[in-house]
Amino acid sequence: NESCFPHGRDDFREIIDRLHSAGIQAGLHTYAQFIDPNSEFVTPIPNPGLGGEYFTLAADVDDSATEITTVESTSDVSTLTGFFVRNSVYLVVDNEIIRFNEVGDNKFAACERGALNTNAAAHAAGAKVKHLNSVFGLFCADKDSDLYLEIARRTAEFYNDLGFDMIYLDAIDGSDIFAGYEKAWYYANKFVAEIMKNANRPPILEMSQMWHHFWYYRSRMGAWDHSRRAHKFL
């Protein structure tokens, strides 16, 4: 936020240094693996590692078409979105992001072209149409892409560079978006392990989920933002 931190990391570092001088530890509160729509991984050119489900463009479209037809059925696609809803209304075709507002038989309709500050462009039949995954209003990387691990490495680099003492991985409970709840523990742990490989010193580490594979890394067991797990006072 440039209005709060006009000098970027230097402003963060100054605040953390002041906290340390007062004997206070500083925590980095993240949204784990998830990607803000304004991120450089999204706009102005979408990173190919963004996660989503693939369709195939059935016919050529120009840069102003409002309907995107697909070879595959769109019957399982919804326009329902919300903070906890595992769904988005965004497509990526080549280097353009398209927002759709309606879904029909084998088509996305009422489309807004050049969404999220990308450039509207013509696309040829046969192009891949990626329906982006989203939860908490954020996008995510493909679970098997290097981008997935790059987010973890950047988290560790930010922690290292600014001298934080703690990392809180909020939203990691949304890891079911990658391959369902039964495999969520695997991809969440993969992300945490990559952070720890790249951290230059062990952080105080807390997450918004309690999969037992985290036990090796966790420093604390009580997540204050979760009423059933937080500290109780009688």
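Identify, please: which residue in region 178-206 is within 18 Å of Ile35 (Cβ to Cβ) and not charged (D, E, K, R) and is, among those, surrounded by the fewest Cβ atoms within 10 Å (Cβ to Cβ)?
Of all residues in region 178-206, those within 18 Å of Ile35 (Cβ to Cβ) come to 178-179, 184, 187-188, 190-192, 194-195.
Narrowing the set further to residues that are not charged (D, E, K, R) leaves 178-179, 184, 187-188, 191-192, 195.
Values: Phe178: 22, Ala179: 13, Ala184: 19, Tyr187: 20, Ala188: 24, Phe191: 22, Val192: 25, Ile195: 24.
Selected residue: Ala179.
Residue by residue through region 81-130, note down the ones that are assigned to a strand (DSSP E or B) and either open to solvent by 40 Å² or more (accessible area, probe 1.4 Å) or on the phi > 0 side of the Ramachandran plot (or both).
Within region 81-130, the subset assigned to a strand (DSSP E or B) is 90-93, 96-99, 102-104, 107-109, 112, 123, 128-130.
Once the filter is applied, which keeps residues that are assigned to a strand (DSSP E or B) and either open to solvent by 40 Å² or more (accessible area, probe 1.4 Å) or on the phi > 0 side of the Ramachandran plot (or both), region 81-130 yields Tyr90, Arg99, Glu102, Val103, Lys107, Glu112, Lys128.
Output the residues belonging to region 86-110 that are small (Gly, Ala, Ser) and in contact (Cβ under 8 Å) with a residue 40 or more places away in the chain.
Of everything in region 86-110, those that are small (Gly, Ala, Ser) and in contact (Cβ under 8 Å) with a residue 40 or more places away in the chain turn out to be Ser88, Ala109, Ala110.
Checking Thr74 against (1) out of contact with any Gly (no Cβ under 8 Å at 6 or more places or on another chain); (2) within 30 Å of Ala171 (Cα to Cα), only one condition comes out false. Which one?
(1)
For region 131-151, check the following and say yes or no: at least one residue is open to solvent by less than 40 Å² (accessible area, probe 1.4 Å), part of a strand (DSSP E or B), farther than 18 Å from Ala32 by Cα and in contact with a strand residue (DSSP E or B) (Cβ under 7 Å, 6 or more places away or on another chain).
Within region 131-151 (the criterion being open to solvent by less than 40 Å² (accessible area, probe 1.4 Å), part of a strand (DSSP E or B), farther than 18 Å from Ala32 by Cα and in contact with a strand residue (DSSP E or B) (Cβ under 7 Å, 6 or more places away or on another chain)), the answer is yes, since at least one residue qualifies.
Within region 196-215, is there a residue that is within 18 Å of Lys143 (Cβ to Cβ) and at pLDDT 95 or above?
As a first pass, look at region 196-215 and keep what is within 18 Å of Lys143 (Cβ to Cβ): 197, 207, 209, 211, 213-214.
Keeping just the survivors that are at pLDDT 95 or above gives 197.
Within region 196-215 (the criterion being within 18 Å of Lys143 (Cβ to Cβ) and at pLDDT 95 or above), the answer is yes, since at least one residue qualifies.
With respect to Leu149, determine if the residue is at pLDDT 95 or above, of a type outside the set (Val, Ile, Thr) and within 24 Å of Tyr186 (Cβ to Cβ). Steps first, please.
On the way: at pLDDT 95 or above: yes; of a type outside the set (Val, Ile, Thr): yes; within 24 Å of Tyr186 (Cβ to Cβ): yes.
Against the criterion (at pLDDT 95 or above, of a type outside the set (Val, Ile, Thr) and within 24 Å of Tyr186 (Cβ to Cβ)), Leu149 qualifies.
Restricted to region 163-177, and to residues that are out of contact with any helix residue (DSSP H, G or I) (no Cβ under 6 Å at 6 or more places or on another chain) and assigned to a loop (DSSP other than H, G, I, E, B), which residue is surrounded by the most Cβ atoms within 10 Å (Cβ to Cβ)?
Among those that are out of contact with any helix residue (DSSP H, G or I) (no Cβ under 6 Å at 6 or more places or on another chain) and assigned to a loop (DSSP other than H, G, I, E, B), it is Phe164.
Kindly indicate the residue of region 52-72 that is touching a Phe, Trp or Tyr at 6+ places or on another chain (Cβ under 8 Å) and open to solvent by less than 30 Å² (accessible area, probe 1.4 Å) and also nearest to Ala121 (Cα to Cα) among those meeting that condition.
Among them, the one singled out is Ile68.
The values are calculated or read from the model by the stated rules, or taken from the named source; none is laboratory data. Only a predicted model underlies this, so the values are computations on that prediction, with no experimental measurement involved. Neighbour counts run over all protein chains shown; Cβ positions are idealised from the backbone, glycine included. Remember, those area values only see protein heavy atoms, side chains included, never the ligands or the DNA or RNA. Shrake-Rupley method; radii C 1.70, N 1.55, O 1.52, S 1.80 Å.
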